[in-house]
Amino acid sequence: MADCVFCKIAAGEIPCKKAYEDEEVLAFHDIHPEAPVHILLIPKAHVAAGAAEIDESNSAQVAGCLVAAARLAKELGLTEGFRLVTNNGPHACQTVPHLHFHLLAGKQMRAKMD
Ligand code: AMP
Ligand code: ZN
């Protein structure tokens, strides 16, 4: 999508600090980290604006993001745990309408989710 910041990152038009990449998935460090580890996992293709658009047509890319998250958690030694979150829509404060998952770790997080 022309004006999508994550499409531009996937295309290499905007730089990122890469954490993982394969054919379908890119993971990079969040520019405004909210935890010692804060990595975003995106499908390289703009297959969905958010989780509400997940369906059979993009489930392989979604699974790819989740598999990459688990792989990163192992590689980074996140043995104390991690949080894997996706925000969808205004109530969840989504700011970038390109499906992405936040991998947060490295500190004790609150039990409350909001
Ligand atoms: P969300 O609010 O769930 O849509 O998450 C979007 C995330 O993208 C935020 O945590 C931003 O800090 C992050 N972000 C926005 N632009 C960039 C960028 N150019 N590089 C890395 N992270 C970004
Ligand atoms: Zn996009």
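Rank 90, 36, 15 by mean-square fluctuation in a GNM of the chain with C-alpha springs under 10 angstrom and give only the top-ranked residue.
In the Gaussian network model the winner is 90.
Counting pairs on different chains as well as pairs 8 or more places apart, how many Lys pairs in the chain have Cα atoms under 18 Å apart?
Within the chain, the lysine pair count is 7.
So what's Rg/Rh here for the chain, counting alpha carbon atoms and using the Kirkwood radius for Rh?
Here Rg/Rh amounts to 0.94.
So what's the angle, to the nearest 10 degrees on a 0 to 90 scale, between helix 59-75 and the longest Cα principal axis of the chain?
So the helix axis and the longest Cα principal axis differ by about 30 degrees.
As I understand it, the dipole of the range 51-114 uses +1 on the Cβ of Lys and Arg and -1 on the Cβ of Asp and Glu, about the Cα centre. Which of 108, 93, 81 lies farthest toward its positive end?
Final value for the positive-end residue is 108.
For the range 41-114, calculate the relative contact order in percent as a whole number, restricting contacts to Cα pairs under 8 Å that are 6 or more residues apart.
42 percent
If I build a Gaussian network model for the chain, linking alpha-carbon pairs within less than 10 angstrom, which residue out of 99, 84, 40 has the largest mean-square fluctuation?
84
Once you charge only the Cβ atoms, +1 for Lys and Arg and -1 for Asp and Glu, what is the size of the charge dipole of the chain about its Cα centre, to the nearest 20 debye?
My answer is approximately 480 debye.
With the crude spin-label approximation of a point 7 Å out along Cα→Cβ, what separation in nm comes out for residue 63 versus residue 11?
Rounded to a tenth, the inter-label distance reads 2.9 nm.
Between residue 109 and residue 84, 0.36 nm times their residue separation minus their Cα-Cα distance comes to what?
In short, 7.8 nm is gained.
No other cysteine beta carbon under 4.7 Å away is the test; run it over the chain and list who passes.
Flagged as lacking a Cys partner: 16, 65, 93.
Just so you know, all these numbers are worked out from the coordinates, no wet-lab data involved. This structure is a prediction, so every number in the text was calculated from the model and none was measured. Every residue, glycine among them, receives a Cβ derived from its backbone with ideal geometry; neighbour counts consider all protein chains shown.
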